[in-house]
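Report on the following structure.
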Amino acid sequence: MRRVFAGNLISRALWRRIAALAVCALLPLFWAGSATPATAGAPSVRVVTDPRLPGHTIYLPAEPTEHTPVLIWGEGGCVARNSLYVDFLSTVAARGIVVIDNSDPDGIAPLDQTAMNASVDWAVAENGRPDGPYSGRLDAGHIAVAGWSCGGLQSYELAVSRPEIATVGILNSGQIAVDQSQLDRLRVPVLYLLGGPTDIAYENGVRDFGQLPPDLPAFLGSSDTGHFGTYFQPGGGAYAALLGNWIRWRIAGDPDAGRTFTGPACGLCTTPGWTVRRRNIE
């Protein structure tokens, strides 16, 4: 029997792949606490909530300044569970980036596009609110969005639907069913971080990278970390540093961060254990 999903008929094989992606992303909910517990994160980062953005967690660098970059983070498994990402997101925020996670500090709930859109709306509104603590401090016209697994799929959708999005990160993710029209609508640089052939989303991400618009800047880095990447390593591991550098370069124009991705001997190009592909990035 075949079922109807988003207006299309989907085979049992495809449903198995969807289920596998969801299970892989949900597994850390059960073992991350015993494997590598999240700590308090970077000491220079404040983790706060805001009644104007209920159900979300905000990671603030020591002192947001004018045009501080903003990252909207999409979690794995389509499940909002901020407590899994404290180290990872704190390390990104410590690079001078305001990070908005689409879940509250302690809760667990389904995550959908509504929460990610609310994050963008909040950044735009707070940047323009004259009496607010973020007034004029956020680069609300050039927002980054990135996500792991299901969060990567949701990041694609936000990138093609919101003009404020200026770059997108697809981490251990890629379209399950090919939607070339969505890829064709991408208009901002894309970062792919994949976990090598053992990553269940590896082939999907590599395929998407090859089918992007021909003039779109894109970078793909892969190491043998599997589908769980380095999110649960101390400080978020390599993924946190790479995502932070990508945002510092693409949003803030930081040339030092850009050298991770640019030049014939780019920082990641010469890092043992990583393979790199580039499009329209010199």
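The values are calculated or read from the model by the stated rules, or taken from the named source; none is laboratory data. Every value quoted in this text rests on a predicted model; they were computed, and no experiment measured them. Virtual Cβ from ideal backbone geometry, glycine too; neighbours counted across all protein chains shown. Surface accessibility is based on the protein's heavy atoms, side chains included, excluding ligands, DNA and RNA. Shrake-Rupley method; radii C 1.70, N 1.55, O 1.52, S 1.80 Å.
Structural remarks
- Lone unmet requirement of (1) hydrophobic (A, V, I, L, M, F, W, C); (2) modelled with pLDDT under 50; (3) more than 24 Å from A159 (Cβ to Cβ) for A62: (2)
- Residue check for D184: part of a loop (DSSP other than H, G, I, E, B) and of a type in the set (D, E): no
Every residue, every condition in (1) at pLDDT below 95; (2) buried (at least 19 other Cβ atoms within 10 Å of the Cβ), yes or no:
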| position | (1), (2) |
| --- | --- |
| F232 | yes, yes |
| A238 | no, yes |
| L242 | no, yes |
| I247 | no, yes |
| G258 | no, yes |
| T262 | no, no |
| R278 | no, no |
| I281 | no, no |
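- Each residue in region 43-60 was checked for being among the hydroxyl-bearing types (S, T, Y) and buried (at least 22 other Cβ atoms within 10 Å of the Cβ), and 2 of them qualify.
- Region 78-92, residues that are open to solvent by less than 10 Å² (accessible area, probe 1.4 Å) and over 13 Å from the mean Cα position of the chain (by Cα): A80, N82, S90
- Of the helices (runs of 4 or more DSSP H) lying entirely inside region 195-282, those containing at least 3 residues that are more than 29 Å from G77 (Cβ to Cβ) span 255-258.
- Any hit, region 181-191, residues being of a type in the set (D, E), modelled with pLDDT of 95 or more and over 18 Å from R279 (Cβ atoms): no
- Residue match in region 99-116 (condition: open to solvent by less than 40 Å² (accessible area, probe 1.4 Å), within 18 Å of the chain's Cα centre (by Cα) and closer than 19 Å to D179 by Cβ): yes
- For A201, the test of being within 19 Å of E282 (Cβ to Cβ) and either crowded, with 21+ Cβ neighbours inside 10 Å or of a type in the set (D, E, K, R) (or both) is failed.
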